[in-house]
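The values are calculated or read from the model by the stated rules, or taken from the named source; none is laboratory data. Since the structure is predicted, the reported quantities are computational estimates derived from the model, not experimental observations. Glycine gets a Cβ as well: all are built from the backbone with ideal geometry, and neighbour counts include every protein chain shown. Accessible surface is based on the protein model in full, side chains and every heavy atom, while ligands, DNA and RNA are left aside. Shrake-Rupley method; radii C 1.70, N 1.55, O 1.52, S 1.80 Å.
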Amino acid sequence: MELYEVMRTARTARSFDPRPVPDEVLHRVLDNARFAPSGGNRQGWRVVVVQDQERRTALKDLYMGPWKAYSGAARALAGNPDAEALYDRADRFAERLDQAPVHVLVFVRLDALAITDKDLDRPSIVGGGSVYPFVQNFLLACREEGLGASLTTILCKAEPEVLALLDAPEGLALAGFIAVGYPPAGFSGKPLTRNPVEQFAFAETFAQPFGVRTS
């Protein structure tokens, strides 16, 4: 596929065909995702690929508590039918999480992060810049391979339990959980819907939307 087509059609998959994903396909996805940029080229990401049913069930059980708390609060704030339908789909995804053939857990080495905004009076976002480009590469590579994938950070609320479950060494933080598998029949690669450039990009200052200049 052309790169722009992959970017425009990498939909989130919340249900999966039960067939297993070959190890060679997963290896190829990881082999290409690793070329993501990272601060100082430290490549601090660490990945655990979980296919064992018992571990997948344990991860689903850890996911359900934080998800129910988050979903309940989010539904109360949203209060519209479109949001309700979205959370209904996300509920079904959570309840069947152990049915996703592959669970990919992405961690980052804390000593590989240069958190340049840590002293600002707001939550830090910069540290993720050394791991989430890798995550996006992983998602795009899944699309190239015909795989469906769904990224969530809800499981980060259970980080200590996840670290213990996976026998993780010290010094790691959980950056994300990705459910991976072949999507069911009928899951098409139709283009995604997103806001136009003029709605989020500005020229010189925030006073003027960015657009193509005419001579």
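Annotations for the structure displayed:
- Exposure here means at most 12 other Cβ atoms within 10 Å; with GluC sites (Glu not before Pro) in a DSSP loop as sites, the longest stretch of the chain lacking them is 3-169.
- Here region 40-95 yields Rg over Rh of 1.16, to two decimals, using C-alpha coordinates and the Kirkwood radius.
- Per residue value of the accessible surface for the chain (all protein chains in place, 1.4 Å probe), Å²: 61
- If you wrap the tightest convex hull around every Cα atom of the chain and split its volume per residue, you get 186 Å³.
- Protection-proxy order for peptides 126-135, 100-109, 64-73, 182-191, each taking the mean of Cβ atoms within 10 Å per residue, highest first: 100-109, 126-135, 64-73, 182-191
- Ellipticity estimate at 222 nm from DSSP helix runs (n ≥ 4, -39,500 (n - 2.57)) divided over the chain, nearest 500: -12000 deg cm²/dmol
- Taking a sphere under 11 Å around the Cβ of Asn32 and counting the other residues whose Cβ falls inside, with K and R at +1 and D and E at -1, yields a net charge of -1.
- Full-extension gain in nm, Leu120 to Met1, via 0.36 nm per residue minus C-alpha separation: 38.7 nm
- Region 1-85 - Kirkwood radius from inverse mean 1/r over Cα pairs (Å): 17.1
- A compact globular protein would have a Cα radius of gyration near 2.2 N^0.38 Å; the ratio found for region 125-215 is 1.54.
- The shape of region 86-138 can be summarised by an equivalent ellipsoid whose semi-axes, obtained from the alpha carbon gyration tensor, come to 30, 16, 9 Å from longest to shortest.
- Radius 14 Å from Cβ of Ala58, net charge of other residues (Lys, Arg +1; Asp, Glu -1): -3
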